[in-house]
Each structure stands twice: as C-alpha cells, then as structure tokens.
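For reference, the structure discussed in these notes is given below.
The values are calculated or read from the model by the stated rules, or taken from the named source; none is laboratory data. What you see is a predicted model; the values in this text were computed from it and never measured. We place every Cβ from the backbone using ideal geometry, glycine too, and count neighbours over all the protein chains shown.
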Amino acid sequence: MACSGGFKRSLPCIPALIAGSVLMLPFLIDGWANTLHWWDTPGWVRLLTGLGQGIMLPLLLVPIASGNVFPDDWARFKHALPSAGALAWPLALALGLGGALIFTASEAVFHALGIAVQFAALLFFANFALTLLRLGRWAQSRQHAA
C-alpha cells in the first residue's frame, strides 16, 4: 500500500504491466518445477523469484480492491506504479529481510521474521477478500447499469 500510494491508484500503465508479468514469471516457473519435483530450489533463489511476485501482486490487487480498474474520472487517479524508483525501497527491504532470514545464525531473528511473514500473509488474505468483495459489488453495479 505504501509503495503504490494507497487506494487512490489505478492499474499501472501497459509497459509496467508487461514488466510486472516478466517479474512474476520466474515465481510461476520455479513454483511449478518444485511442485512437480523437477528440481529443488535453494532458499536464496526462492527469495529472488518471490520478490517479483510479492512486489507486483499488491500493485495489481490494490486498484482492483478499491474499484479503480476503470475509473470514470482518470484525472483523479495516479498509476499504481508512478516510476521504477517507487520499487527501490520495497526491494531493498525485502532483500535485507530475506538475507537476514537465509544467512542468519540467530534463532530469535528467524522467529521474529516468521511472525512478520505470518502477519503479512494475514494482511494479504484480508486484502484479497476485500478485492473479491469489491469486485463482486462492481460487477453487480455494472449489471444494474446495463
């Protein structure tokens, strides 16, 4: 949310969506390959493949959850990804925390990061539920308008 500027955002522009799809592709390939037991990926590779997914998914879900996929007044909304520089601090934070998780010898750091991940997962699923709820309302309003 902080990266994208909150709920008053529309979907990123087409070039950013294409770049985001490219960032999300390694996660998809690695996840399926691990599921099908084609290979076993080390933790640092999973960190890198998960970063693209973890950074781009909120940029797509926040505009959908807020109902700003196709806003009537485009001038009121800014793109969810105003510039590539907006991704710098989330990427640095994720790399730092992921590096601390992978290369730490301290059990306390491991547990603290585990709690943070559980909290983030809870926030993600709450945002996803809100997305589904608002998307259903949006579809009903479009159906009544037609």
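Do you know which residues across segment 25-49 are within 15 Å of the chain's Cα centre (by Cα), surrounded by fewer than 17 Cβ atoms within 10 Å (Cβ to Cβ) and at pLDDT below 85?
Result: Leu48, single match.
Please count how many residues of segment 22-42 are out of contact with any helix residue (DSSP H, G or I) (no Cβ under 7 Å at 6 or more places or on another chain) and in a helix (DSSP H, G or I).
9
Could you check how many residues of segment 36-56 are touching a residue at least 40 places away in the same chain (Cβ under 8 Å) and among the aliphatic types (A, V, I, L, M)?
Number satisfying all stated conditions: 3.
Answer yes or no as to whether Ala120 is within 19 Å of the chain's Cα centre (by Cα) and modelled with pLDDT under 70.
It is false that Ala120 is within 19 Å of the chain's Cα centre (by Cα) and modelled with pLDDT under 70.
Just give me the residues in segment 103-131 being surrounded by 13 or more Cβ atoms within 10 Å (Cβ to Cβ), under 22 Å from Met56 (Cβ atoms) and of a type outside the set (Ser, Thr, Tyr), in sequence order.
Once the filter is applied, which keeps residues that are surrounded by 13 or more Cβ atoms within 10 Å (Cβ to Cβ), under 22 Å from Met56 (Cβ atoms) and of a type outside the set (Ser, Thr, Tyr), segment 103-131 yields Leu113, Phe124, Asn127, Phe128, Leu130.
Identify the residue in segment 75-89 that is surrounded by 11 or more Cβ atoms within 10 Å (Cβ to Cβ) and modelled with pLDDT under 75 and, among all such residues, is nearest to Trp44 (Cα to Cα).
Leu87
Can you name the condition, by its number, that Phe70 falls short on among (1) more than 17 Å from the chain's Cα centre (by Cα); (2) among the aromatic types (Phe, Trp, Tyr); (3) modelled with pLDDT of 80 or more?
Failed condition: (3).
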